[in-house]
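Every number here is computed from the coordinates shown, using simple stated rules; none is lab data. What you see is a predicted model, and the numbers here were worked out from it, not measured in a lab. Here Cβ is always computed from backbone atoms with ideal geometry, including for glycine, and neighbour counts include all displayed protein chains.
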Amino acid sequence: MAVIPVERKPLTLLERTYLPGIATGLKITLKQLFAPKVTMEYPEVRPEIPQGYRGVPTLVKDPNGREKCVSCQLCEFVCPPKAIRITPGEVPEGAGRDHVEKAPQAFDIDMLRCIYCGLCQEVCPEEAIFLQNQFSMTGYTREEMVNDKARLYEIGGTLPDQHYKWDKKLAAEQHGNAH
């Protein structure tokens, strides 16, 4: 292997003393020192969240307070970091959802694994999972960062449903049973 010598330009006397580099660094430091500061009194004052922000995934109920999730597990299968775990279960009798085969017995989202990609919301056929604008999820232990079904509904709440899909299905079933 051959060694190729590289010619280097010699440093001037000023460059050898490092004074230009030190002066440049001091100039930047002084400029930042006297620049106006912008601070926020978080959490009382929160930053404005941009349109289309993907925050914490949550479960939502329909306007009548019924679970929208039918435990199809598509969100669990599409989740890249495997943060979602669903245990399917039976629909309770008299829940007003006799046309649904199953409901989630357990629904957990590990927020330490979640990458806020939004694929779970995109794939949900029932529009039961939504990404909320909440961005600060904190906890002292790993267990606190796993949101169970009750916590997901607490954060998600009820979203207005433009389709009223369940009501239409129930009305069709009741109309069909009347004849």
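Ordering 43-49, 12-18 by mean Cβ neighbour count within 10 Å, with the highest value first, yields 12-18, 43-49. For the chain, the residue among C79, P43, T12 whose Cα projects farthest onto the positive side of the dipole built from Cβ charges is T12. For a 4.7 Å threshold on C-beta separation, the list of partnerless cysteines in the chain reads C69, C72, C79, C114, C117, C124. Going from the fewest other Cβ atoms within 10 Å to the most, the residues M111, M1 appear in the order M1, M111. Simple point charges give the picture: +1 on the Cβ of Lys and Arg, -1 on the Cβ of Asp and Glu, and for the chain a dipole about the Cα centre of about 1140 debye. Sorting R8, R113, R142 by the number of Cβ atoms found within 10 Å of their own Cβ, with the fewest placed first, yields R8, R142, R113. Among the lysines of segment 31-156, pairs that are 8 or more positions apart or on different chains and have alpha carbons within less than 18 Å of each other number 6.
With K and R counted +1 and D and E -1, the other residues having a Cβ less than 13 Å from that of E154 yield a net charge of +2.
The charge dipole of segment 57-163, taken about its Cα centre with unit charges on the Cβ atoms of Lys, Arg (+1), Asp and Glu (-1) only, comes to about 260 debye. Positive end of the dipole of the chain (Cβ unit charges, origin at the Cα centre): among G156, V123, Q32, the Cα lying farthest that way belongs to Q32.
Rounded to the nearest 500, the helix-only mean residue ellipticity at 222 nm of the chain stands at -8000 deg cm²/dmol, with each DSSP H run of n ≥ 4 adding -39,500 (n - 2.57).
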